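Student: Below is the structure I would like to discuss, written out as structure tokens.
The values are calculated or read from the model by the stated rules, or taken from the named source; none is laboratory data. Note that the coordinates shown come from a computational prediction; the quantities given were computed from them, not determined experimentally. For neighbour counting, all protein chains shown are included, and Cβ atoms are generated from backbone atoms with ideal geometry for every residue, glycine included. Note: areas computed on protein heavy atoms with side chains; ligands, DNA, RNA excluded. Shrake-Rupley method; radii C 1.70, N 1.55, O 1.52, S 1.80 Å.
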Amino acid sequence: MKIEIRGLNKIYPNGNQALKDINLELENGMFGLLGPNGAGKSSLMRILVTLMKPSSGVVLIDGKDIQKHRKELRSILGYLPQDFRFFSALKTWEFLDYSGSLAGLRNRRERLAEVDRLLDQVGLLEVRDRKANRLSGGMKRRLGIAQALIGNPRIIVVDEPTTGLDPDERIRFRNILSQLSQNDVIIILSTHIVGDISSTCQSMALLNRGELVFNGPPEDLIRHAEGHVFRMNLTPYEYDKVKEEYNVISTIPVDTGWEVQVVSDHIPGYDNVLVTPNIEHAYVYYMEHKLHADLIE
Ligand code: ADP
């Protein structure tokens with residue numbers, strides 16, 4: 001599977017430009033699309049799943065223009081939208097059975113077997129007879145992913161799946177996705193939560209105000225922040241000054257005051273140790289320093 005996005009622009013009727021000349025190539029595995037709210041992630045997802053047309057540019061799936069092959073491509077797409085809701089009082093299994101019919105699974109016996117297989121996969125088999133709208137937030141999200149998976153899609157698009165989930169459910173959801181990514185599929189995970197882009201994403205993109213500002217493996221993004229993350233022990237007085245001058249990313253109280261981590265282009269004028277950056281550090285560094293520097297250049 002291969003998705004090629006070429007020269008994609010989206011301008012809404014009110015003049016908002018949500019996407020600016022996006023060029024991207026996606027291959028099998030998990031792809032993380034990261035960016036702050038309003039960056040253009042949902043717009044890009046909606047174009048990918050053919051729910052919305054771009055203003056210009058094309059998306060090719062295995063060489064086929066998605067606008068010209070909508071019907072055929074929809075059958076290989078699974079989509080979990082950001083605002084996924086259950087409108088009816090169907091039981092959990094009935095809801096998935098209904099999704100299966102929509103996905104084109106005609107044979108009832110096979111469909112029911114598939115429903116239970118998927119309920120098991122996302123850990124909902126025990127609650128199969130509970131009304132879908134009575135499930136907890138995390139369970140609903142897992143039922144959402146099950147409905148995106150029914151019919152064996154080759155491309156799975158999930159938009160902000162972990163918003164509002166507690167840490168346990170977030171990890172559980174991430175594990176389900178990373179298991180799926182072992183198959184011959186492309187999973188596109190859109191999120192504004194940096195922690196969702198785990199090491200299971202082979203590749204990622206960073207969107208900011210409609211522009212693609214980074215594309216590559218997460219390790220490459222992290223590499224940009226190497227040598228720019230510092231840990232310091234500060235007195236309360238020093239901490240007040242550092243807060244003004246630096247990008248503080250974590251603060252822990254200690255006996256003598258505060259232990260803080262900052263991202264900075266230059267070495268801070270306080271006793272400090274270099275910290276090995278993680279993806280959160282890298283995101284802050286990239287958004288606050290690299291991008292600003294590039295804009296000034
Ligand atoms: P994200 O998913 O990253 O939060 P969106 O794609 O939802 O970003 O939005 C990108 C930009 O497009 C934002 O400035 C948003 O206000 C704007 N936008 C989104 N949908 C519409 C719409 N239907 N009409 C006008 N502007 C929109």
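Student: Of the residues in the stretch 205-262, how many are farther than 30 Å from Glu27 by Cα and in contact (Cβ under 8 Å) with a residue 60 or more places away in the chain?
Tutor: As a first pass, look at the stretch 205-262 and keep what is farther than 30 Å from Glu27 by Cα: 227-262.
Going one step further and asking which of them are in contact (Cβ under 8 Å) with a residue 60 or more places away in the chain, we end up with 228.
Summing the residues that are farther than 30 Å from Glu27 by Cα and in contact (Cβ under 8 Å) with a residue 60 or more places away in the chain in the stretch 205-262 gives 1.
Rundown of residues vs (1) assigned by TED's automatic domain parsing to the domain that holds Leu26; (2) closer than 30 Å to Asn183 by Cβ; (3) modelled with pLDDT of 90 or more, yes/no style:
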site	(1), (2), (3)
Glu211	yes, no, yes
Phe230	no, no, yes
Asn233	no, no, yes
Asp240	no, no, yes
Ile279	no, yes, yes
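Student: Filter the stretch 175-193 for residues that are within 16 Å of the ligand (Cβ to nearest atom) and open to solvent by less than 20 Å² (accessible area, probe 1.4 Å) and give the result.
Tutor: Filtering the stretch 175-193 down to residues within 16 Å of the ligand (Cβ to nearest atom) leaves 188-193.
Ile188, Leu189, Ser190, Thr191, listed by residue number.
Student: With Glu211, Glu226 as the choices, which residue is open to solvent by 60 Å² or more (accessible area, probe 1.4 Å) and under 27 Å from Gln17 (Cβ atoms)?
Tutor: Values: Glu226 fails: under 27 Å from Gln17 (Cβ atoms).
Just one listed residue meets the conditions, Glu211.
Student: In the list Arg134, Arg141, Arg154, which residue meets the criterion of being in the same structural domain as Leu180 (by TED's automatic domain parsing), modelled with pLDDT under 95, open to solvent by 10 Å² or more (accessible area, probe 1.4 Å) and over 17 Å from Ile187 (Cβ atoms)? Step through it out loud before you land on a result.
Tutor: Details: Arg141 fails: over 17 Å from Ile187 (Cβ atoms); Arg154 fails: over 17 Å from Ile187 (Cβ atoms).
The unique qualifying residue is Arg134.
Student: Here is a check on your reading of the model: is Arg46 closer than 30 Å to Val194 by Cβ and either modelled with pLDDT under 95 or open to solvent by 50 Å² or more (accessible area, probe 1.4 Å) (or both)? Before you say what the answer is, go through the steps one by one.
Tutor: Values: closer than 30 Å to Val194 by Cβ: yes; either modelled with pLDDT under 95 or open to solvent by 50 Å² or more (accessible area, probe 1.4 Å) (or both): yes.
For Arg46, the condition - closer than 30 Å to Val194 by Cβ and either modelled with pLDDT under 95 or open to solvent by 50 Å² or more (accessible area, probe 1.4 Å) (or both) - is met.
Student: Still on this structure: Scan the stretch 75-99 for residues that are surrounded by 12 or more Cβ atoms within 10 Å (Cβ to Cβ) and either in contact with a strand residue (DSSP E or B) (Cβ under 6 Å, 6 or more places away or on another chain) or modelled with pLDDT of 90 or more (or both) and report the count.
Tutor: So the answer is 17.
Student: Search the stretch 155-166 for residues that are farther than 18 Å from Leu73 by Cβ and pair each with any residue that is aromatic (Phe, Trp, Tyr) and modelled with pLDDT of 80 or more when their beta-carbon atoms are under 7 Å apart and the residues are at least 6 apart or on different chains.
Tutor: Pairs that qualify, where the first residue is farther than 18 Å from Leu73 by Cβ and the partner is aromatic (Phe, Trp, Tyr) and modelled with pLDDT of 80 or more, are Pro161/Phe173; Thr162/Phe173; Leu165/Phe173.
Student: Let me ask something else. Assess whether Gly78 counts as being assigned by TED's automatic domain parsing to the domain that holds Arg209 and within 16 Å of the ligand (Cβ to nearest atom). Outline the logic, then answer.
Tutor: Values: assigned by TED's automatic domain parsing to the domain that holds Arg209: yes; within 16 Å of the ligand (Cβ to nearest atom): no.
Criteria not met by Gly78.
Student: Now a separate question. Go through (1) surrounded by 15 or more Cβ atoms within 10 Å (Cβ to Cβ); (2) more than 18 Å from the chain's Cα centre (by Cα) for Leu102 and report which single condition fails.
Tutor: (1)
Student: For the stretch 107-128, which residues satisfy the criterion of being open to solvent by less than 70 Å² (accessible area, probe 1.4 Å), closer than 14 Å to Asn152 by Cα and free of Cβ contacts under 8 Å to residues at least 12 places away in the same chain?
Tutor: The one that is open to solvent by less than 70 Å² (accessible area, probe 1.4 Å), closer than 14 Å to Asn152 by Cα and free of Cβ contacts under 8 Å to residues at least 12 places away in the same chain: Ala113.
Student: Are any residues in the stretch 251-275 surrounded by 13 or more Cβ atoms within 10 Å (Cβ to Cβ) and in a strand (DSSP E or B), and if so, which ones?
Tutor: Thr251, Gly257, Trp258, Glu259, Val260, Gln261, Val262, Val263, Asn272
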